[in-house]
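Accompanying notes for the structure given below.
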């Protein structure tokens with residue numbers, strides 16, 4: 001029988017560069033078998049094919065009739081992985097050759113199982129006919145566990161016709177099969193680790209791709225836009241920022257509209273920074289600050305000798321902004337004659353320098369800003385209708401500070417931090433000071449708020465700014481006097497939000513703090529409840545009746561009353577203390 005095994009091994013090695021098995025000592029046959037099997041296990045093939053090749057070549061080194069490898073799936077179910085020496089397909093039920101009880105015994109004990117005569121074993125009695133395949137001669141069964149890193153992966157087993165010579169080699173076969181099972185176990189574990197890593201990589205790439213798709217498809221309003229220099233969390237401001245972010249991706253002309261001090265220049269810079277032109281120049285010009293003759297030279301440039309003082313050629317703002325963005329602030333203040341000159345540049349993208357004859361072509365993203373009522377100006381013949389339609393492509397209305405509840409404290413702190421940095425101070429607002437300043441009207445909007453903070457910080461007596469430090473508490477608020485003058489000039493009638501005077505008509509001096517001396521101004525949201533532009537935020541602090549009415553409607557819950565009045569709970573509490581109103585408890 002040993003001669004038969006050596007002859008079969010020699011047949012497998014035909015044509016191989018390695019020495020024939022006949023030339024090797026019999027003790028080296030297991031080593032040659034392990035070498036052959038290791039080459040198969042490291043081949044770049046599918047795991048099922050690799051295990052099938054292992055079982056097939058095993059017959060070259062071990063006397064066997066059938067060979068079988070049963071592997072546990074990831075879910076723990078046993079399945080047939082490979083067979084050899086039978087006519088059934090690998091997909092057949094593995095119990096046809098090895099009873100369930102035998103596999104369970106090997107997996108449970110983790111030790112090899114040798115049965116010299118399966119007909120006398122209780123493990124094979126239930127499936128004796130199936131396992132023996134109808135054979136009447138004695139059959140020997142050898143099975144070993146396949147495991148790796150203390151994990152039971154399955155079994156490797158063979159059976160053969162029992163004879164006297166074969167029984168001598170059982171111990172050697174068990175050793176060889178155990179070593180093969182160890183190699184197979186490590187190979188299976190490696191394949192599963194690689195498969196898991198590959199699956200995880202595919203899933204991560206899929207999630208990343210889906211995230212990119214969702215991010216690209218997500219509307220801009222779901223992604224809050226943060227722009228340096230623009231502070232606030234109010235809904236009105238967020239809507240403007242989101243609109244600016246969308247508009248910035250195009251080259252459309254933008255018309256920024258809003259009251260003086262609402263930050264039109266900051267928003268123009270933000271649109272430029274968010275646009276594809278951000279690496280090019282951002283050029284700005286205040287049209288109201290220059291006479292018509294100088295304005296033409298500033299925008300279009302001039303040739304040497306074009307007029308007295310033109311000692312050299314000079315490029316205009318349109319040329320300087322070529323490829324970038326040009327901001328024309330106070331566009332509503334230019335004369336009708338200059339409006340016609342400007343219209344040609346906006347329509348054709350062409351201009352001539354003052355005193356020149358050569359036509360220049362420019363590529364400029366135009367942003368215009370104004371606090372003027374252009375519609376009324378067009379009706380009155382003060383502004384060309386064709387120029388109005390040309391610049392009013394994408395209008396963006398900037399909200400006044402009174403329509404940004406909750407932003408005043410943030411802005412005040414930011415301005416105070418800037419003041420501290422510039423003057424090496426460490427000032428801070430008392431909570432009551434922030435409550436007080438949050439109720440002011442600020443018709444000059446952010447610009448006036450900054451001036452108020454700087455003035456108060458400059459004159460503050462201590463490191464903590466209190467309510468007594470504000471000019472309005474000491475009858476020294478010049479803005480209040482200006483509001484009062486505007487109120488008298490307009491005879492108490494409300495002006496249009498884009499009216500000519502650009503100033504609130506209701507004087508905050510009309511409300512006096514109880515017990516205050518005559519002339520002591522109280523900071524308020526200046527417009528009264530009857531004003532069309534006034535909401536709940538228009539409540540005066542001194543209006544105790546409205547405060548009590550709101551508290552009664554809210555069941556004396558300050559948070560609910562604040563929502564009715566458009567105030568924060570802290571502001572409501574501050575107003576209650578100032579009026580001496582006792583909160584009722586139920």
- prompt: Within segment 400-408, is even one residue surrounded by 21 or more Cβ atoms within 10 Å (Cβ to Cβ), under 22 Å from residue 288 (Cα atoms), touching a residue at least 12 places away in the same chain (Cβ under 8 Å) and touching a helix residue (DSSP H, G or I) at 6+ places or on another chain (Cβ under 8 Å)?
  reply: yes
message: Checking the structure you have, find out if any residue of segment 305-313 is assigned by TED's automatic domain parsing to the domain that holds residue 381, surrounded by 18 or more Cβ atoms within 10 Å (Cβ to Cβ), touching a strand residue (DSSP E or B) at 6+ places or on another chain (Cβ under 9 Å) and on the phi < 0 side of the Ramachandran plot.
response: no
query: Which one of these is closer than 20 Å to residue 97 by Cα, modelled with pLDDT under 85 and either surrounded by 13 or more Cβ atoms within 10 Å (Cβ to Cβ) or not assigned by TED's automatic domain parsing to the domain that holds residue 34 (or both): 202, 124?
result: 124
- line: The lone condition residue 288 fails out of (1) surrounded by 18 or more Cβ atoms within 10 Å (Cβ to Cβ); (2) more than 21 Å from residue 363 (Cα to Cα); (3) in contact with a strand residue (DSSP E or B) (Cβ under 8 Å, 6 or more places away or on another chain) is (1)
query: Can you tell me which residue in segment 98-110 is modelled with the lowest pLDDT, limited to those that are part of a loop (DSSP other than H, G, I, E, B) and touching a strand residue (DSSP E or B) at 6+ places or on another chain (Cβ under 7 Å)?
result: 98
message: If the requirement is being at pLDDT below 90 and surrounded by 19 or more Cβ atoms within 10 Å (Cβ to Cβ), which of these qualifies: 491, 435?
response: 435
query: Does segment 346-360 contain any residue that is buried (at least 20 other Cβ atoms within 10 Å of the Cβ) and either touching a strand residue (DSSP E or B) at 6+ places or on another chain (Cβ under 6 Å) or not assigned by TED's automatic domain parsing to the domain that holds residue 256 (or both)?
result: yes
- line: Of the residues in segment 462-488, those that are modelled with pLDDT of 80 or more and part of a helix (DSSP H, G or I) come to 467, 468, 469, 471, 472, 473
- prompt: Only one of these conditions is not met by residue 34: (1) crowded, with 18+ Cβ neighbours inside 10 Å; (2) at pLDDT 80 or above; (3) in contact with a helix residue (DSSP H, G or I) (Cβ under 8 Å, 6 or more places away or on another chain); (4) not in a strand (DSSP E or B). Which number is it?
  reply: (1)
query: Can you name the number of the only condition in (1) surrounded by 12 or more Cβ atoms within 10 Å (Cβ to Cβ); (2) out of contact with any helix residue (DSSP H, G or I) (no Cβ under 7 Å at 6 or more places or on another chain) that residue 293 fails?
result: (1)
First in segment 364-388 and not assigned by TED's automatic domain parsing to the domain that holds residue 274, second anywhere and surrounded by fewer than 20 Cβ atoms within 10 Å (Cβ to Cβ), Cβ under 6 Å, 6 or more apart: none
statement: Per the filter on segment 248-275, residues touching a strand residue (DSSP E or B) at 6+ places or on another chain (Cβ under 7 Å), surrounded by fewer than 19 Cβ atoms within 10 Å (Cβ to Cβ) and either farther than 14 Å from residue 398 by Cα or free of Cβ contacts under 8 Å to residues at least 12 places away in the same chain (or both) are 251, 252, 253
- line: In segment 545-586, residues that are in a helix (DSSP H, G or I), farther than 21 Å from residue 405 by Cα and free of Cβ contacts under 8 Å to residues at least 40 places away in the same chain total 6
- request: Considering only segment 331-395, give the strands (runs of 3 or more DSSP E) lying wholly within it that have at least 1 residues that are over 27 Å from residue 310 (Cβ atoms).
  value: 365-370
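The values are calculated or read from the model by the stated rules, or taken from the named source; none is laboratory data. Being a predicted model, the structure only gives us computed values, none of them experimental. When we count neighbours, we look across all protein chains shown, and the Cβ atoms used for this are built from the backbone with ideal geometry, even at glycine.
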